[in-house]
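This report concerns only the one structure given below.
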Amino acid sequence: MLTTNKKNRLIIVVPAYNEEEALGKSLDVLQNVLLTLIKQQKVSNESKLVVVNDGSKDKTWQIIEDASKQSDYISGINFSRNFGHQNAIIGGLTASRPYGDVFITIDADLQDDVKAIYEMVDNYLDGYDVVYGARNDRETDSRFKRWTADTFYKLMNKIGVELVPESADFRLTSGRVVDELLDYPEQNLFLRGILPSIGFPSTVVYYKRKERELGESKYPLRKMLALAWDGITSFSIAPMHLVLFMGILTTFVSFVMLFYTAIQYLNGHVIQGWSSLMVSIWFIGGIQLIALSIIGEYIGKVFKETKKRPRFIIQDNLLK
Ligand code: UDP
Ligand code: MG
């Protein structure tokens, strides 16, 4: 086992949005974990917690600033506004990359078991570049949340996106994997889909997910659906295939209509012009849907790539 502790500067990145209720306690707990790891000489004494304030409207940033004054192990960055969970993680990794060799991301509410951090670090020291935290028990999540999560993982699998089952954004990544990750310029970030596509030796650590003790979930249904939609659309063109399928179906219906109107026409049941109108409407409609879906596929891809907007904007940076 490696214990070159001069090199292993661990950075724990904690995204926080309106977490004034939970953050104080979480920082205490995480700092204790960090100090234990330092004492065990598994990570360097220069290791740190980096809290990313994602445009909170409450006292979150004040708590981070105060904590950083009191402890050398706590630092933070402050976004200019709310950029969302995934961007907060990327922002934290980008800003802290020069100060660390290995990185762990964990939510501010500590629903994820911090004991798994020790196991993650051990795996890192054994040579793994990525250690996914996966829940082996979600009893504490609502039945609805469990059902939606399950359905989502199944759907993603079906459309060919590789995900580590039951893993979210609690994970360890080595510096070289973070370097690769930061080379992914995508706007619609879905980290749990990107990470497996990077490769490098990886493993999974299982833990029991707890209930949120302090504060409320910052992921209302709307944000959950948006994240799922980002996951699907930035990794798969299955929705476009659905449109293509609809186009083919419509075209097929046009042939049925052609057949039907021909019979009506031969039986003399129709007004002049009705047959040709009916057939053209269905046929052209089908062809147009197919064509639109193909063009849309390319435009959608170009649209996403060309804007190149910043994924986050840092207003204050306490890292030094
Ligand atoms: N979060 C964030 N920006 C947002 C929403 C959430 O940084 O716009 C953070 C939040 O503070 C927490 C983590 O992302 O640390 C996960 O959020 P939460 O625990 O509310 O989600 P849940 O566990 O309910 O899915
Ligand atoms: Mg949570």
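What follows is calculated from the coordinates using simple rules that are stated; it is not laboratory data. Owing to the predicted nature of the structure, the values given are computational and were not obtained by experimental measurement. Counting neighbours? That spans all protein chains shown, and the Cβs are built from the backbone with ideal geometry, glycine included.
The table for this structure:
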quantity	calculated
Sites ASN157 and GLN272 - FRET efficiency at Förster radius 56 Å, r taken between beta-carbons, to 0.05	0.55
Reachable aspartates and glutamates, given that their alpha-carbon falls under 12 Å from the alpha-carbon of LYS320 and they are not under 8 places away in the same chain	GLU46, ASP72
Rounded to 5, the percent of DSSP beta bridges in region 109-243 classed as antiparallel	35 percent
Anisotropy class of region 151-205 from Cα gyration tensor, a/c 1.5 cut	oblate
Alpha-carbon radius of gyration plus Dmax, which is the widest Cα pair, for the chain in Å	25.6, 94
Over 31 Å (Cα to Cα) - which of LYS115/LYS307; LYS57/LYS145; LYS39/LYS210; LYS25/LYS158 fall in this group	LYS115/LYS307; LYS25/LYS158
VAL51 long-range amide H proximity, modeled H, under 5 Å	VAL14, SER75, GLY76, ILE77
Segment ALA262-SER280, length gained on full extension (0.36 nm per residue, minus Cα span)	5.2 nm
Of all DSSP beta bridges in the chain, antiparallel share, percent nearest 5	35 percent
Fewest-first ranking of ARG171, ARG9, using other Cβ atoms within 10 Å as the exposure measure	ARG9, ARG171
Cα gyration tensor shape for region 1-145, rounded if a/c is under 1.5, else prolate or oblate	oblate
Contour excess over end-to-end distance, with Cα ends at GLN41 and PHE252 and 0.36 nm allotted per residue	69.1 nm
Computed FRET value (nearest 0.05) for ALA238 with GLU211, which takes r as the C-beta separation and R₀ as 30 Å	0.35
Pairwise FRET efficiency - GLN288 versus ARG222, Cβ, R0 = 30 Å, nearest 0.05	0.40
Derived scalar couplings ³J(HN,Hα) [region 64-75; Karplus, 6.51 cos²θ - 1.76 cosθ + 1.60; whole Hz; x for Gly, Pro]	5, 4, 4, 4, 6, 6, 7, 9, 6, 8, 10, 9
Ranked ARG146, ARG209, criterion: other C-beta atoms within 10 Å, fewest first	ARG146, ARG209
Residue-span extension gain [SER71 to VAL302] - 0.36 nm each, minus C-alpha spacing	78.6 nm
